[in-house]
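Take a look at the structure set out below.
The values are calculated or read from the model by the stated rules, or taken from the named source; none is laboratory data. Note that the structure is predicted; figures quoted are calculated from it, not measured. Note that each Cβ is placed from the backbone with ideal geometry, even for glycine, and that neighbours are counted across all protein chains shown.
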């Protein structure tokens, strides 16, 4: 009986520094605020239930459903959103040390993978999730091997390459600024506020923060405010003036101006359109 020998590439050598940071099972309900945000690590979302979409600053993945895998590089703004009448349920892997890019491309970008006919991918996520919850002495080793197998399956079936995640981790000061903006967006915040918070000069704050998020702190703050305003317009009957105040805008007129510049319509028109689309307050 003859033997066949297959050469194995060194793809697994690139996974040496890959590390599973966390795995969670989440559900996007209609009452969540879908705000664009970033992480300093790679995320892999595997959909097991429901339908929805993934939103990015420059792109939208529509009609996401069971069996789809979304790969999000470090520092890429994103959020997930369920369609009306259904809730997205998904596993989320946070992975350090590795990122993905489409073949023949030199930049990292969000990647959509269709695994709707490959149940083995879901099995890998399920096994990792169960292992983490078991708190067994071998959990870390088993999860590491399962993660490496998952990545190899992705490389084998999709037009993607794996690359080391060389991005420098967000500095402690920038992380502090981001956390402050995420939780205090309704307050009157200026660069002077952030200077007092971090004891850094304004130029360094703006330059460093933009390095990791692609936005200056004030631009990021306005994005958070407008994202929150969209949620309130869709899900509540609060007056426009109250929403402007609750999201940190100094006046209703300034809020309307900023909202129109971002979305091309007024807040009132946005609310009317949302109700037509079935997003009326519950």
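Within the group 101, 40, which residue is over 13 Å from the mean Cα position of the chain (by Cα) and either crowded, with 21+ Cβ neighbours inside 10 Å or modelled with pLDDT under 90 (or both)?
Result of the check over 101, 40: 101.
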Qualifying residue in region 115-126 (condition: out of contact with any helix residue (DSSP H, G or I) (no Cβ under 8 Å at 6 or more places or on another chain), surrounded by 14 or more Cβ atoms within 10 Å (Cβ to Cβ), farther than 21 Å from residue 74 by Cα and in the same structural domain as residue 90 (by TED's automatic domain parsing)): yes
From 147, 181, residue being crowded, with 17+ Cβ neighbours inside 10 Å and either assigned by TED's automatic domain parsing to the domain that holds residue 255 or without any contact (Cβ under 8 Å) to a residue 40 or more places away in the chain (or both): 181
Region 222-240, residues that are within 13 Å of residue 255 (Cα to Cα) and surrounded by fewer than 18 Cβ atoms within 10 Å (Cβ to Cβ): 239
Residues located in region 203-228, provided they are modelled with pLDDT under 80 and assigned to a loop (DSSP other than H, G, I, E, B): 214, 215
Flag for residue 282 being outside the structural domain of residue 80 (by TED's automatic domain parsing), over 24 Å from residue 79 (Cα atoms), modelled with pLDDT under 95 and out of contact with any strand residue (DSSP E or B) (no Cβ under 6 Å at 6 or more places or on another chain): no
